Amino acid sequence: MTLITRTQAISGRRNVLWTLVVRDLRVRYARSVLGYVWTVLDPLLMSLIYYLVFVHIFRRDDLGHEPYFLFLLVGLLSWQWFSGCLTDTSRALIQEAKLVRSTNLPREMWVLRVVLSKGIEYLLSLPVLLAFLVIYLVKGEAQLNGWVVLLPVGVLLQGLASIGIGLLLAPVTALVTDMQRLIRIAIRMLFYATPVIYATRLVPEPFDKVLWFNPLTGILELMRAGFFSHDRLPIEWGAIAVSAVVSVCLLLLGSALFARLERAVLKEI
């Protein structure tokens, strides 16, 4: 089946896909007292910790845009979505093995439901980001500008990249269970290879160009572009272009590998 054919098959079952997404969200918060609050509490607390460490302990005020707390919050909310997708999509086929085998749904849907449910959690966390933005705007410390229209583009690209990576990881992890341990290690390493707590412009050559191939590099540039002044740290348009290409390539490569390994995975699980 071609990518177009598989996309059409998924589109024809979009109601089922939405049901799976809603089920995921309900199960996730079914026994939680705080529920949705956990979605924003983790990035908020991590932003506070990094802010205290770098600004008040090490007294660094040049790691990113000002206000630095807002800079951190944009990055950590996006990172939470991305890292959650890496962890959960890699286990998507294993955790739902019985349903994957017994239903005639396109198997890519088990990856898509994870990315979409995590994406909805990300969107639900944006009001918190907006609240801090308003506070800093009132204080005159933030500068909202026209580049804020790039935020939805960044969200779309992150969704595509997450789906592509998920389609790569899910079948490989089903066949090689050691991948789950490798992914946990990779996520910890990838965090520091992603400009979450520092600006892309601060990475020295030639490592800055290498960092561009991390799709989150350009995606974070898109997400942050509308919230800050770019006099000291101009937008890295090169990183954005590379991230766009890498995200699309990951989607195409992930779709091809998933289709190739699907039969082997069904035999294994």
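The values are calculated or read from the model by the stated rules, or taken from the named source; none is laboratory data. Since the model is a prediction, treat every value here as computed from it, not as a measurement. Counting neighbours? That spans all protein chains shown, and the Cβs are built from the backbone with ideal geometry, glycine included. Just so you know, the surface numbers come from the protein's heavy atoms only, side chains and all, with ligands and any DNA or RNA stripped out. Shrake-Rupley method; radii C 1.70, N 1.55, O 1.52, S 1.80 Å.
Find the helices (runs of 4 or more DSSP H) located wholly in segment 59-137 whose residues include 2 or more that are hydroxyl-bearing (Ser, Thr, Tyr) and crowded, with 16+ Cβ neighbours inside 10 Å, and list them. Even if it seems obvious, please write down each step before you answer.
On the way: elements: 68-90, 92-95, 97-102.
Filter on segment 59-137 gives 68-90.
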Please verify whether ILE185 is hydrophobic (A, V, I, L, M, F, W, C), part of a helix (DSSP H, G or I) and either open to solvent by less than 20 Å² (accessible area, probe 1.4 Å) or closer than 14 Å to CYS85 by Cα (or both), treating the condition exactly as stated. no
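Of the residues in segment 215-235, how many are open to solvent by 20 Å² or more (accessible area, probe 1.4 Å) and touching a Lys or Arg at 6+ places or on another chain (Cβ under 9 Å)? Working first, answer last.
Of all residues in segment 215-235, those open to solvent by 20 Å² or more (accessible area, probe 1.4 Å) come to 221, 229-232, 234.
Applying the additional criterion that residues be touching a Lys or Arg at 6+ places or on another chain (Cβ under 9 Å) yields 232, 234.
Qualifying residue count, segment 215-235: 2.
With within 19 Å of the chain's Cα centre (by Cα) and crowded, with 21+ Cβ neighbours inside 10 Å as the only criterion, which of LEU167, LEU156 stands out? Write out each step before concluding.
On the way: LEU156 fails: crowded, with 21+ Cβ neighbours inside 10 Å.
Of the residues listed, the single one that is within 19 Å of the chain's Cα centre (by Cα) and crowded, with 21+ Cβ neighbours inside 10 Å is LEU167.
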Among (1) touching a residue at least 40 places away in the same chain (Cβ under 8 Å); (2) surrounded by fewer than 20 Cβ atoms within 10 Å (Cβ to Cβ) - the single one SER162 does not satisfy: (2)
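From the list ILE219, ILE183, ILE240, pick out the single residue that is within 30 Å of VAL100 (Cα to Cα) and either hydrophobic (A, V, I, L, M, F, W, C) or over 16 Å from the mean Cα position of the chain (by Cα) (or both).
Values: ILE219 fails: within 30 Å of VAL100 (Cα to Cα); ILE240 fails: within 30 Å of VAL100 (Cα to Cα).
Criteria check complete, one pass: ILE183.
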Just to be sure I understand the filter: pairs with C-beta atoms under 6 Å, separated by 6 or more residues or on different chains, first member in segment 83-97 and within 18 Å of ALA186 (Cβ to Cβ), second member charged (D, E, K, R) and open to solvent by 20 Å² or more (accessible area, probe 1.4 Å). Which pairs pass? GLY84/LYS118; CYS85/LYS118
Kindly establish whether ALA142 is assigned to a loop (DSSP other than H, G, I, E, B), at pLDDT below 95 and among the small types (Gly, Ala, Ser). yes
Looking across segment 22-58 at residues that are under 18 Å from the mean Cα position of the chain (by Cα) and modelled with pLDDT of 90 or more, the single one that is most open to solvent (accessible area, probe 1.4 Å) is MET46
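Suppose we keep only residues that are of a type in the set (S, T, N, Q) and assigned to a helix (DSSP H, G or I) within segment 215-269. Which one would you say is modelled with the lowest pLDDT?
Going residue by residue through segment 215-269, those that are of a type in the set (S, T, N, Q) are 217, 229, 243, 247, 255.
Cutting the leftovers down to assigned to a helix (DSSP H, G or I) gives us 217, 243, 247, 255.
Numbers: THR217: 96, SER243: 96, SER247: 96, SER255: 93.
Per the criteria, the residue is SER255.
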